Amino acid sequence: GAGVSQSPRYKVAKRGQDVALRCDPISGHVSLFWYQQALGQGPEFLTYFQNEAQLDKSGLPSDRFFAERPEGSVSTLKIQRTQQEDSAVYLCASSLMVRTYEQYFGPGTRLTVT
Amino acid sequence: DAKTTQPPSMDCAEGRAANLPCNHSTISGNEYVYWYRQIHSQGPQYIIHGLKNNETNEMASLIITEDRKSSTLILPHATLRDTAVYYCIVTPGSARQLTFGSGTQLTVLP
């Protein structure tokens, strides 16, 4: 079946621009996660949704980062006024609510801020 | 979450067993051991998890020591496609976020 998809796969933004990254989770997966992965490092948690409710946003690095999942399926991660340190791969994952440890990851969006 | 320690890199010959160690000496009673791997340019992939018993699935086996302070992930017959970074994660079963460390880069050699 279809896995988690993310778009765009690559995004180049000039410093100060706003970007929006999209995640389509696996159908039926209630839980959705966003992670940020800097080059050569492991993924770092950003935020978690259960259906449309954002239950944990403790990992968002600043108020320039905003995530939403208005209908409980597709999610968008928005970064306002991008800065060079935002350059990273942004990974989306989804899971069944009762198996949040078994997360299915998308291929990621590689964001480069110039 | 308990801190984990993994070697930064390991090599393994194709067709041989790959044994990846993980130390988690401060693990708590309610924390599970999870293993994920990340093939280059892909998202991480769940492999296996356990609490205190050894576990096996179609991908790998997980051996947890009796004191639960360390574990070993075993890939019984490594192939070139198993070349990846392997992450050992220790966290409560109810946890939602995964805390990835630096992992072990496993290179399977032909």
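General observations
- Among the lysines of the protein assembly as shown, pairs that are 8 or more positions apart or on different chains and have alpha carbons within less than 24 Å of each other number 8.
- Chain lengthening between residue A:5 and residue A:96 when straightened (0.36 nm per residue, less Cα-Cα): 31.1 nm
- Derived scalar couplings ³J(HN,Hα) [the stretch B:16-24; Karplus, 6.51 cos²θ - 1.76 cosθ + 1.60; whole Hz; x for Gly, Pro]: 8, 6, 9, 10, 9, x, 8, 9, 9
- Multiplying the residue separation of residue A:87 and residue A:14 by 0.36 nm and subtracting their alpha-carbon distance yields 25.2 nm.
- Across the stretch A:13-100, Cα-Cα pairs farther apart than 18 Å form 40% of the total.
- With all pairs of separate Cα atoms included, chain B yields a Kirkwood hydrodynamic radius of 13.9 Å.
FYI, it's all coordinate maths here, none of it is from the lab. None of these values were measured; they are calculated from a predicted model.
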